[in-house]
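Below is one structure, written out as structure tokens, with a few remarks after it.
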Amino acid sequence: MLRQTTYLTKRYGVPEGWTLPVYERDGGYQQAKRALSMPREALVEEMKAANIRGRGGAGFPMGVKWSFMPWPPKPEKPHYLVINADEGEPGTFKDRTIMELDPHAVVEGCIIGCFGIGAHAAYIYVRDELHLSKARLWGAIKEAREKGYLGAKPFGIDYPVEVYVHTGAGAYICGEETSLLNSLEGKRGEPRLKPPFPAQAGAFGMPTTVNNLETIAAVPVALAMGGDAFSKLSDLHDQKDGGCRLYGVSGHVNTPGVFEACVGLTLRELIYDLGGGVKGGELLGVIPGGSSCPILRPDEVVNAPDPKSPLHRWHGKNVLDVPMGVETYRALGTMLGTCCAIVLNKNTDIVLAMHNLMRFYRHESCGQCTPCREGSAWLFRILDRMVHGEATMEELDRLHEIADNIMGNTICAFGEGTAMPALGFLRKYRKEFEEHVRTKGKSGTGRLAL
């Protein structure tokens with residue numbers, strides 16, 4: 001159900017909305033001050049009740065992640081909070097809006113998060129290209145420190161907190177949390193084997209919690225409202241997927257952008273009500289949450305007769321009418337991801353669309369794992385032949401085989417993030433791919449952009 005909110009976007013479009021006076025006018029930093037006076041256990045329980053599922057793609061419950069940190073902290077093993085603002089997923093552009101338009105929400109969330117996990121330092125890892133985002137964060141940190149909200153005694157309370165901005169180097173792989181930690185330490189950005197998990201050995205070998213930027217920016221709102229009340233904003237509260245969040249939509253829509261709504265928004269509402277409808281033709285497909293999520297066709301129908309299925313309530317309905325949730329979209333065979341949809345109209349050449357994505361994944365593979373390094377390049381080479389009308393039907397079959405062999409055989413999820421969208425395109429649009437091969441490309445429109 002479409003229920004728009006303004007908890008996270010209240011200051012979007014407000015003159016000087018990224019400055020401290022505007023943020024304080026709306027009650028800014030009151031929740032950080034309150035949190036520093038709460039028992040740590042009470043704060044963590046409040047965050048668990050809020051059911052904030054990670055907004056960066058994995059969808060793991062934030063409060064539960066906080067509770068994984070060893071307690072009490074040991075002097076020789078300081079805790080760290082790391083904020084993932086790399087946002088390198090194609091089609092995803094929500095976190096940058098928070099950094100540019102409401103950076104103090106991030107800083108306040110960091111203060112609360114540091115106290116919740118027993119840390120005294122937070123590192124915000126920002127993608128290098130986001131220059132305005134970094135400038136706004138640096139400015140917010142400076143304002144907060146000058147006002148006494150950061151430093152040795154925030155709000156006069158004896159719990160030191162510092163927040164730092166760390167610039168990445170533009171590598172997509174550093175959106176994966178352990179690659180990010182390596183990059184933060186000045187090492188090559190490539191994933192680490194798990195275990196140990198970051199809560200045991202993260203930044204600098206110390207216990208660390210890694211949260212997405214939107215996730216941490218929602219913390220002051222959830223604390224102000226009360227965890228349970230925040231969770232109940234959602235139509236999927238019963239699935240422990242709570243609150244409100246940012247939704248992005250791009251591609252072939254009339255009004256692309258970022259919108260805030262309660263969890264439970266449907267793709268149909270995102271595309272047609274918020275996105276203004278499909279531009280330049282009828283709907284061909286939707287990549288629901290960033291490019292690594294398998295595509296959905298508009299003619300798919302939910303088949304979930306089992307009452308225990310997360311989708312049972314929508315059995316027999318169109319997939320576009322299923323609430324966008326972590327569990328509901330897993331059950332659909334795709335992922336919610338970053339909740340930023342990419343819309344393709346029927347004038348899109350589906351082969352070119354897959355070719356474009358596989359070019360990106362081939363380029364961004366860190367090369368550490370053979371299945372990902374070689375598989376992503378192999379996928380791209382075959383698709384390149386297909387685009388030029390040179391591929392055979394055997395090579396089309398081989399695309400399935402290559403993608404299947406990447407799945408589950410890499411250190412991090414990057415390999416699967418390459419293979420899953422590839423398999424999604426191939427399974428959902430097999431007839432179109434076969435026709436493209438048979439006609440040597442003449443059946444395709446040859447178009448990606450409008």
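The values are calculated or read from the model by the stated rules, or taken from the named source; none is laboratory data. What you see is a predicted model; the values in this text were computed from it and never measured. FYI the Cβ positions are ideal-geometry reconstructions off the backbone, even for glycines, and counts take in every protein chain you see. Areas reflect the complete protein model, heavy atoms only, side chains present, ligands, DNA and RNA absent. Shrake-Rupley method; radii C 1.70, N 1.55, O 1.52, S 1.80 Å.
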Check the stretch 273-282 and report whether any residue there is out of contact with any Cys (no Cβ under 9 Å at 6 or more places or on another chain), under 26 Å from residue 407 (Cβ atoms) and open to solvent by 50 Å² or more (accessible area, probe 1.4 Å).
-> no
Considering the stretch 216-227 alone, what residues qualify as being among the β-branched types (Val, Ile, Thr) and surrounded by 24 or more Cβ atoms within 10 Å (Cβ to Cβ)?
-> 216, 219
Wholly enclosed helices (runs of 4 or more DSSP H) of the stretch 20-138 bearing at least 3 residues open to solvent by 10 Å² or more (accessible area, probe 1.4 Å) and within 26 Å of residue 195 (Cα to Cα) | 40-50, 62-67
Tally time: how many residues in the stretch 20-54 are touching an Asp or Glu at 6+ places or on another chain (Cβ under 7 Å) and either of a type in the set (S, T, N, Q) or touching a residue at least 40 places away in the same chain (Cβ under 8 Å) (or both)?
-> 8
Residue, surrounded by the fewest Cβ atoms within 10 Å (Cβ to Cβ), within the stretch 146-165, restricted to residues that are within 15 Å of residue 107 (Cβ to Cβ) and free of Cβ contacts under 8 Å to residues at least 12 places away in the same chain | 146
